[in-house]
Amino acid sequence: MKERFAKIYPWIVVGLLWVVALLNYMDRQMLSTMRDYMALDISELNSAEAFGALMGIFLWIYAVVSPFAGTVADRMSRKWLIVGSLAVWSFVTLMMGYCTTFSQLKWLRGLMGVSEALYIPSSLSLIADYHSGKSRSLAVGIHMTGLYLGQALGGFGANFASVLTWQQTFQWFGIIGIVYAVVLVFFLREKRDYAPKAVVQDAPKAPNVSIWKSFALIFSNIAFWAILFFFASSSMPGWATKNWLPTLFQGSLDIPMEKAGPIATITIAAASLLGVLIGGPLSDRWVKKNLRGRIFTSAIGLAMMIPALVLVGLGNGLVAAIAAGVIFGVGYGMFDTNNMPILCQFVPSRLRATAYGFMNTVGVAMGAVCTQVLGRMQDGGHLGLAFAVLGIVTALALAVQLLVLKPTTDDMQ
């Protein structure tokens, strides 16, 4: 019985963290679709540039904290980092329901950036440790679908706000997250605590490397610079669709946000789920025959995103919008499910959370710049063109990925 449970527990971990991932993106995404309702009480939100700055402050703080969050995750219990992170950002979500000024919203979004930065490096490195190469991309991908569904549910923020109020919407979802943090205390286990004692005793002890030494080891790796570039470049359209696609659809399709939000987020989320289900198993099988299999799978996803961004930006009508969203979502899912597995090919286990923290830093920083620039483009009436230009950025990321990354192992030790 214990052996059977030991075999399925790695997937239980994925399931437990899937819910956290859902709450992670839902809590941050709701703001983007409840803007109209919140602007009735907080006038500054009527400005697209001010709204972009509010979304951006989360991203900037998230970016600054991420590498240190990853370093902490490599040195202490990831379980308690995950539990603490969820509890804090859920409390922040709860308190946002009591905001009456723009300044209060900015402070809370900043605090949310700190708490959420602790989650992704911890969770992905924990999943990567629990799952070997034969299931790593699929496990990471399934976890990522929680993010996509959270993004989709966040698209219903305006619907929730119309039934309740925007304040009550924040309050209820904050309470849900706090309760689930208590659930994790009892059921989530750190990998090194869960592993059989014999395995722990026999395993070679990792050298005690200082924080700055670990930074130096990571950045002396040319492959990591390439990973950092293509991850950051591809994060720009990813954040653009999260923060501005509902607004783009609202304007280009001339429909209310109660419809534009769900259309944008559900289309991307459902398609990304399909991309994960394609890209995860494909990568896990392809890498057995060719060590660049994960890279090629990711590259296929990036290649699909390029025409989709042009179509979503310059296309007209509901059919074109949905088609672009589907193509982009499938491509993004194939790309997203392979980021940590590709990192595992070039960075050893003891440094992966730190490395992914730096990826988050650069990716989110680029997302923050993109979010604020798109806010200005929206005020100037050129949001669609901005999305099309992001297709060029994605093409550069694809070129770097294919030309530079040449792994010699699937699981660097």
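Laid out as a table, the results:
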{"read-out": "Average silhouette area of the stretch 15-118, convex hull of alpha-carbon atoms, in square nanometres", "value": "6.5"}
{"read-out": "Where labels lie 7 Å past Cα in the beta-carbon direction, separation of residue 47 and residue 369 in nm", "value": "2.3"}
{"read-out": "Ratio Rg/Rh, restricted to the chain and using Cα atoms, in which Rh is the Kirkwood radius", "value": "0.96"}
{"read-out": "Acute angle (nearest 10 degrees) that the helix 318-336 long axis makes with the longest principal axis of the chain, alpha-carbon atoms", "value": "20"}
{"read-out": "Å² per residue, accessible surface of the stretch 258-413 at 1.4 Å", "value": "37"}
{"read-out": "Average Cα contact separation per residue, the chain, under 8 Å, 6 or more apart, as relative contact order %", "value": "27"}
{"read-out": "Theoretical ellipticity at 222 nm over the chain - DSSP helices of four or more residues, -39500 (n - 2.57) apiece, nearest 500", "value": "-27500 deg cm²/dmol"}
{"read-out": "Net charge, residue 354 excluded, C-beta distance under 10 Å - Lys, Arg +1, Asp, Glu -1", "value": "+2"}
{"read-out": "Cα point-scatterer Debye curve for the stretch 330-372, base-10 log of I(q)/I(0) at q = 0.18, 0.25, 0.33 Å⁻¹", "value": "-0.62, -0.92, -1.04"}
{"read-out": "Accessible area of the chain belonging to carbon and sulfur atoms, whole % at 1.4 Å probe", "value": "69"}
{"read-out": "Gaussian network model of the chain, springs between alpha carbon atoms under 10 Å - residue of 51, 186, 328 with greatest fluctuation", "value": "186"}
{"read-out": "Under 5 Å, built H, 5+ apart or other chain: amide partners of residue 347", "value": "412"}
{"read-out": "Pairs beyond 26 Å (Cα-Cα), from 134/213; 288/406; 7/79; 79/259; 7/288", "value": "134/213; 79/259"}
{"read-out": "The stretch 331-413, relative contact order [Cα under 8 Å, separation at least 6], %", "value": "58"}
{"read-out": "Residue-span extension gain [residue 288 to residue 103] - 0.36 nm each, minus C-alpha spacing", "value": "61.3 nm"}
{"read-out": "Helix 136-154 vs. the chain, principal-axis angle (Cα, 0 to 90°, nearest 10)", "value": "20"}
{"read-out": "Helix 257-289 vs. the chain, principal-axis angle (Cα, 0 to 90°, nearest 10)", "value": "20"}
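The values are calculated or read from the model by the stated rules, or taken from the named source; none is laboratory data. Remember, predicted model here, so these are calculated numbers, not experimental data. Cβ: placed from backbone, ideal geometry, glycine included. Neighbour counts: every protein chain shown. Accessible surface areas use protein heavy atoms only, side chains included; no ligands, DNA or RNA. Shrake-Rupley method; radii C 1.70, N 1.55, O 1.52, S 1.80 Å.
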